[in-house]
Structures are given as C-alpha cells and as structure tokens.
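What follows is a short report on a single structure.
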Amino acid sequence: MDGLPQRFDIDAPVFTVSVAASLADMHAQTLRGYDRLGLVVPQRTRGRGRRYSLRDIAKLRHVQHLSQNEGINLEGIRRILALEAELDGVREQLDRLADLVRRLQSSDRAARVFTAESSGAVHAGRFRPVRRLALPPSR
C-alpha cells in the first residue's frame, strides 16, 4: 500500500464510460446523451475518450434521482444544476470573505467601521476604542 495516495481526488477523471455507467447504475448511452446535453460533461483524454470522476458519478446519480424520483424533465434538471453550481460558488465566496474578515479582525487592534451612503457607496474606516476610566465608587 506504499504506492497509494494518502487521499483520493474525487475530481480525478479515471473512469471510462462503461465503468461510470455501471457505478451510476445507468446505460452508457444515457451518459453520452447527458454529455451531449451538457448536464454531466466528463473530461476527455487525448484520443477524445470520456473520463468520469467520482464527482461526475455523484452528479449522474443526482440527475437520475431528479428525473426518475422527482419527475423533472431534462431542461428543469439543467436549471437545477446551474442554480446548485451558482449556490456552491456563492458559498465558496462567503467562506473566503469570512476568512478574510477573521484575518482582518485578528491582524491589529484597530477596529474597522463601515458606513454606507444612501447611494450605496460604502466607506471603510478605523477607530480605536476609548479606554473606559474607572470611576470612584458612588457613596
């Protein structure tokens, strides 16, 4: 087992059409049709052979579920896949922004203040919190 990778890349295009069809419990012609329609587009070898990844196979199963169990037509499935991809992109962007905010907050002691105008323009600034003075106890 020394030659095996530590982690398997789910995006590695390693499965031929026949193997991917078997793993997705579909006919190979269905995979070719989905490729032509742009629903699940595998990577290509130099000889133009299709190679599917584990992520592609999961997507094929998802398409099959939407079609067979939910009764959604192929155009509806195309739209669902596009929206899911857009949502994944937004989530990735949100994760990057949250990470950036964490790094900015921990980078210095100056707090950042953002103000917005009614026009939508946003301005960034800094302020340092005022230290509170200890007041003598009241009598």
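Only the coordinates and a few stated rules stand behind these numbers; no lab work does. Computed from a predicted model, the values in this text were never measured in an experiment. Because the Cβ atoms are built from the backbone with ideal geometry, glycine has one as well, and the counts that use them run over all protein chains shown.
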Calculated FRET efficiency, Leu87 and Ser107, Cβ-Cβ r, R0 22 Å, to nearest 0.05? 0.15
Cut-off 20 Å (backbone N to label point 7 Å along Cα→Cβ of Ala124), residues of the stretch 76-107: 92-107
